[in-house]
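Novice: One structure follows; several queries about it will come next.
The values are calculated or read from the model by the stated rules, or taken from the named source; none is laboratory data. Here the structure is a predicted model, which is why all the values come from computation and not from measurement. Note: areas computed on protein heavy atoms with side chains; ligands, DNA, RNA excluded. Shrake-Rupley method; radii C 1.70, N 1.55, O 1.52, S 1.80 Å.
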Amino acid sequence: MLPLILAMHIPDGFLSLPVVLGCWLLAGVAIAWALRAQDGDLAAQRLPLIGVMAAAIFAAQMLNFPIAGGTSGHLLGAALATLVLGPRSAMLVMTTVVGVQALFFQDGGLLALGANLLNMAVIGVWVTYAVQRLLNRLLGRFAWGHRIGEFAAAWASIFTAALACGLELALSGASPAGLVIPAMGGVHALIGLVEGGITVGALAFLRAARPALVQPAPFSAAERGGVMIGGVLITLVLVIAAPLASTAPDGLERVAEDLGFLERAAQPLYHLLPDYTVPGLGEGALSTIVAGLIGALVVLGLVWGLLAARVHRAKM
């Protein structure tokens with residue numbers, strides 16, 4: 001039996017049908033609005049950045065890092081995408097990443113995909129946006145105020161998404177709310193510290209390398225080429241490093257094991273690229289790298305396809 005992949009990606013079996021349907025409804029409405037609300041002209045100009053950002057976040061999520069207590073975590077990326085692209089484009093990036101993970105890699109359940117989208121592509125994005133704007137208003141006059149806002153927004157995106165996941169589990173009867181919500185919040189509060197540090201560091205690097213990347217303005221032709229080359233190189237580095245990821249249980253898996261509801265998880269209906277490996281290549285580093293490259297290319301193509309279709313409709 002192949003291993004289940006959890007992280008904050010909820011597998012099928014954890015959530016009740018009413019919770020599943022409610023999450024699908026909320027996520028579907030929010031994501032449909034985000035696609036319709038895209039600025040067609042700006043999206044066309046920044047399409048290379050949006051695409052490579054999605055591919056890089058997909059690759060970065062393959063890199064689990066160890067935290068306290070024999071648990072691991074990984075970058076969510078909702079905060080980074082929001083702070084660079086704005087919330088609407090970030091929602092589409094995260095939707096594509098989480099959707100590809102579920103459909104191609106069985107990372108999260110198909111029925112539970114609505115909940116995973118709600119937590120990571122909707123809540124994670126808009127919490128980032130709200131916290132960053134609030135703290136910028138309060139602290140923006142200080143030189144360090146914007147960095148504090150970025151760190152806090154990234155931390156809050158992880159922590160709030162984890163609380164939402166805990167609430168969904170409690171409403172589904174997987175574990176009492178008084179146990180599962182604090183447990184999810186506690187472990188992901190630590191993961192959020194790493195998320196905050198990575199986000200602030202990545203934004204500082206982008207500002208130093210290409211300030212235009214973090215400004216909501218169109219790119220020149222030269223800038224678009226540079227964005228593509230830089231984004232592809234970063235994605236390749238992350239994919240090649242993926243075999244070095246920690247094998248310790250992720251946050252949700254640790255909580256499910258500790259609270260005794262791990263056995264509720266259902267096995268995937270099919271295995272396409274299970275556990276980020278390619279059938280026929282075994283479970284070694286090469287298999288993980290090839291699977292990561294496939295996933296990054298699929299994410300890149302889907303994001304470009306969605307936005308190109310939106311741009312085309314806007315011009316009609």
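Novice: Along its principal axes, what span do the Cα atoms of region 141-292 show, with the longest given first and each in whole Å?
Specialist: 53, 51, 25
Novice: Return the calculated 222 nm mean residue ellipticity for the chain, to the nearest 500 deg cm²/dmol, obtained by summing -39500 (n - 2.57) across DSSP H runs with n ≥ 4 and dividing by the residue count.
Specialist: Computed ellipticity for the chain at 222 nm equals -22500 deg cm²/dmol.
Novice: Taking the Cα atoms of region 75-145, what is the range of coordinates along each of the three principal axes, in descending order and whole Å?
Specialist: That gives 45, 19, 17 Å along the principal axes, largest extent first.
Novice: If you don't mind, there's one more thing I want to ask. Kirkwood hydrodynamic radius of region 24-108 from all distinct Cα pairs, in Å?
Specialist: 13.9
Novice: Give me the percent of accessible area attributable to carbon and sulfur for the chain, probe 1.4 angstrom. It would help to have the intermediate numbers written out before the result.
Specialist: Numbers: 9490 of 13360 Å².
Looking at the chain in its full context, I get 71 percent from C and S.
Novice: Shifting gears a bit: Specify, per residue and in Å³, the volume enclosed by the convex hull of the alpha carbon atoms belonging to region 96-205. All intermediate terms of the calculation are to be shown ahead of the outcome.
Specialist: Numbers: hull volume 12.2 nm³, N = 110.
Dividing the Cα hull volume of region 96-205 by its residue count gives 111 Å³.
Novice: Just checking my list [x] 33, 22, 18; [y] 36, 25, 15; [z] 29, 23, 20 against semi-axes √(5λ) of the Cα gyration tensor in Å computed from this structure; which label fits?
Specialist: The value matching this structure is [z].
Novice: In percent, how large is the relative contact order of the chain, given Cα pairs closer than 8 Å and 6 or more residues apart?
Specialist: 32
Novice: Please list, in chain and number order, the residues 5+ apart from Phe65 or on another chain whose amide H is under 5 Å from its amide H, with Hs placed from the backbone.
Specialist: HN-HN under 5 Å from Phe65: Gly73, His74, Ser246.
Novice: For the chain, with every protein chain kept in place, what is the accessible area per residue (1.4 Å probe, Å²)?
Specialist: Averaged over the residues of the chain, the accessible area is 42 Å².
Novice: A further question on this structure: Connecting C-alpha atoms closer than 10 Å in a GNM of the chain, tell me which of Pro66, Pro279, Pro11 has the biggest fluctuation.
Specialist: Result for the chain, Cα springs under 10 Å: Pro279 fluctuates most.
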